[in-house]
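Below is one structure, written out as structure tokens; the observations come after it.
The values are calculated or read from the model by the stated rules, or taken from the named source; none is laboratory data. Everything numeric in this text was worked out from a predicted model, so none of it was measured. Cβ atoms come from the backbone with ideal geometry, glycine included; neighbour counts cover every protein chain shown. We work out accessible area using only protein heavy atoms, side chains counted, and drop any ligands, DNA or RNA first. Shrake-Rupley method; radii C 1.70, N 1.55, O 1.52, S 1.80 Å.
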Amino acid sequence: MNTNPRLDWAFDWLKGEKRLYIGGEWVQASQRATFVSTNPANQNSLATLSEASRSDIDSAVSQARSAFRGSWPKQDRRERARILRKIGELVRTHKEELATLEALDNGKTYREALYDDLPDSADVFDYYAGWTDKLYGESCPVEDGFVNFTQHEPLGVCALIVPWNFPLLLAAWKIAPALAMGNTVVIKPSPFTSLSLVRLAQLIDGSKLLPPGVFNLVLGGVEAGEALSSHPDIDKISFTGSTAIGAQIVQASGRSNLKSVSLELGGKAPNIIFDDVKDLPAVIDRSFNLMFSQKGEKCTEPTRFFLHEKIYDQFSAGLIEKAKAAICGDPFDPVTTQGAQCHKAHFEKILAYIEIGKKEGAQLLVGGNRDSASGNEKGFFVRPTIFGNVQNKMQIARDEIFGPVLCLLKFSDEEQVIAEANDTPYGLAAGVYSDDAKRAMRVAQKLDAGMVFVNHYGCYHFSSPFGGIKQSGWGHEMARHSLESYTRLKSIWVKY
Ligand code: NAD
């Protein structure tokens, strides 16, 4: 049952072609090319959108370059902060609309969109507003007779490319620090989930807060992405997406102008639970939610649970019970706990991995199929799936599935479990649970991951760097680390 009062607004808003936002104007793609966005919960068409060609990308970059030569990078820092806060306020004021578009386009539940995605999508603008005048340079201790100091300068034109799992949130994580440092941006969402960013661009446009060309939105997929990553007049690409495309972006940068690249890529996170954990039900509860919320489409989700052999049966029984109780269905129905996978090819990929798991000899404990509830026939719904007795060398334990598919692995020895947890090409996140503080810290130190969660998987804060190592990425979002990636460091020498 749909109870969302914004749905009527959304269906009205979806009418008419959604265009590119370039140089402060709404423009059709130069070839009049379009693509259609589809609701993954029922495969109904949602909206027609302009599809940017290379010449549209050229035009967006040219507008961003002109704006960078204009007043924006020299803007009074307090004024820039005020503008960022106002953008955050726009997101906050329109959060129900934006969450509705996100749920329609991505398939996540409206509740997840409203309570997980939207608050931080607004607050990150406040956080970086506070940084516009706080990224200090250094005074360097050089020889007598000289003064040497460093300063952070804006980089220039930044292309921001984001995936479909948190369309608005991941974009806001990039837009806010890039603008805070005085850059101009060209942002490209995933073709599967462009709507919330079109709405954000409308809000920014209507507010007249930014000079034309400071914020540009281009729509499309591979062609638009390649045109950005190989463009000779872009200074930086900030990319969030798959490891495979991240590697292509690095190559395109090398072939074009060696633009700076930062990458937030895939993951296959381990979550290690020792047998000394006293409050096992609480850990089961949080672990299940972290794994299966947002239908498992999270880069940091703990997809490999390493369970000590003494608690393996109790822990897996608790997870299975929760998986059986999950309700897949209409993202706007308040009883739904799990929405639809974002698009058809992805849905089919998840089902194919489930078949691989069965063939590899993993024990299917629960799920393993599309949801068959009445009304879900046309939607991309996958039952929460748990495989037991998984071996770390199996493909389901090595590849990023990016869906509601969990692998349970049994262990008995601390060194062995650390070695297995680290035996993956990825290094985004990892978790360890133990009531023995020394052991928990010892293991945390040895885990190869950009983020390690001890006794509470999945903590995030703007003040803490977010990023992966190994094939999970280069650089960090959040905190001052993100700002550094949107600036260039200059060392100035003065003889006196
Ligand atoms: P994807 O790599 O297929 O696409 C990401 C973006 O890149 C999209 O906007 C897409 O249109 C664009 N793109 C496609 N081909 C391109 C090319 N050749 N050049 C430039 N851009 C191109 O990823 P996806 O399927 O949209 O998202 C899922 C992936 O994102 C998963 O691997 C997930 O782990 C990762 N992810 C990582 C993080 C993180 O912070 N580490 C966060 C969210 C998602």
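Structure notes:
- Rounded to whole numbers, the Karplus 3J(HN,Hα) couplings from phi for segment 131-148 are 9, 4, 10, 10, 8, 6, x, 10, 9, 9, x, 9, 5, 4, x, 10, 10, 10 Hz, using 6.51 cos²θ - 1.76 cosθ + 1.60 with θ = phi - 60°, and x at Gly and Pro.
- Protection proxy ranking of 435-443, 318-326, 476-484 - average other beta-carbon atoms within 10 Å, highest first: 476-484, 318-326, 435-443
- Accessible area in square angstrom per residue, segment 1-141, 1.4 angstrom probe: 47 Å²
- The phi torsions of segment 161-172, fed into the Karplus equation with coefficients 6.51, -1.76 and 1.60 and a -60° offset, translate into couplings of 10, 10, x, 9, 7, 10, x, 7, 4, 5, 5, 4 Hz, rounded to whole numbers, with Gly and Pro shown as x.
- Coupling constants for segment 448-460 follow from the phi torsions by the Karplus curve (6.51 cos²θ - 1.76 cosθ + 1.60, θ = phi - 60°), and in residue order they are 8, 8, x, 9, 10, 10, 9, 6, 6, 5, x, 9, 9 Hz; glycine and proline get x.
- With the convex hull drawn around the C-alpha atoms of the chain, the volume per residue stands at 153 Å³.
- For ILE272, the residues whose amide H sits under 5 Å from its own are PHE306, GLY431, VAL432, TYR433, ignoring neighbours fewer than 5 places away on the same chain, with H placed 1.01 Å from N.
- Inter-centroid distance (Cα atoms) of segment 115-141 relative to segment 46-68, Å: 27 Å
- Accessible surface of the chain, 1.4 Å probe, proportion on carbon and sulfur as whole %: 52 percent
- Mean Cα-pair separation over length for the chain, i.e. relative contact order, pairs under 8 Å, 6 or more apart, %: 18 percent
- For the chain, the antiparallel share of DSSP beta bridges with both residues in that region comes to about 45%.
- Put the Cα centre of segment 357-421 next to the Cα centre of segment 154-223 and the gap is 35 Å.
- For peptides 344-354, 150-160, 180-190, sequence by mean Cβ density within 10 Å, most packed first: 180-190, 150-160, 344-354
- Solvent-accessible heavy-atom area per residue, rounded to whole Å², over segment 143-184 at 1.4 Å: 22 Å²
- Antiparallel bridge percentage (DSSP; both residues within segment 1-101; nearest 5): 90 percent
- Estimated distance in nm for a label pair at ASP285 and ALA352, the labels positioned 7 Å out from Cα along Cα-to-Cβ: 3.9 nm
- Each peptide in 121-129, 307-315, 370-378 gets a packing score, the mean of other Cβ atoms within 10 Å over its residues, and the list from highest to lowest is 121-129, 307-315, 370-378.
- Segment 273-289 residues near the modelled ARG442 label - backbone nitrogen below 13 Å, point 7 Å along Cα→Cβ: none
- About the Cα centre, charge dipole magnitude for the chain (Lys/Arg +1, Asp/Glu -1 at Cβ), debye: 820 debye
- In the context of the full set of protein chains, segment 318-468 has a per residue accessible area of 41 Å² (1.4 Å probe).
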